[in-house]
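Report on the following structure.
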Amino acid sequence: MTAEDTKTEETKINYIYIIQCADGTLYTGWTTDLESRVKAHNSGTGAKYTRGRGPVRLLYSEAFETKSEALKREDQIKKLSRTAKRKLAGLGREDIAWKKTKPSI
């Protein structure tokens, strides 16, 4: 890795995100390009878990300066209950029945 590569890595914004699949399940992940990652999940080239569960919709995200910070937060969120994740994302009971529609970000 060159000094240029290291500098580029340091300037990237690191995101954690929660998406909701069409079947109502939630998925938490990490990326440096949130829009592209959601598109990848919707096209079936995202995480193995989300393949066949699309389309997905982005519910929540947080930005971090370092990958390490983002991965630590991702781990914290993955340990939360479904109810706690829904609360974090600001979802109420009326949002429970989301069904398959056109993909959105």
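Read-outs throughout are calculated quantities, based only on the coordinates presented, and are distinct from any laboratory measurement. A quick note: this is a predicted structure, and the numbers were derived from the prediction, not measured. Positions of Cβ are generated from backbone atoms using ideal geometry, with glycine treated the same way; all protein chains shown enter the neighbour counts.
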What nm value, rounded to one decimal, do you get for the distance between Glu35 and Lys87 when each label is placed 7 Å out toward the C-beta? 3.4 nm
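Pull out the extension gain between Lys79 and Thr66, defined as 0.36 nm times the separation in residues minus the alpha carbon to alpha carbon distance; nm, one decimal.
2.6 nm
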In terms of the Cα gyration tensor, with a ≥ b ≥ c the square roots of its eigenvalues, is the stretch 3-92 rounded because a/c is under 1.5, prolate because a/b exceeds b/c, or oblate? oblate
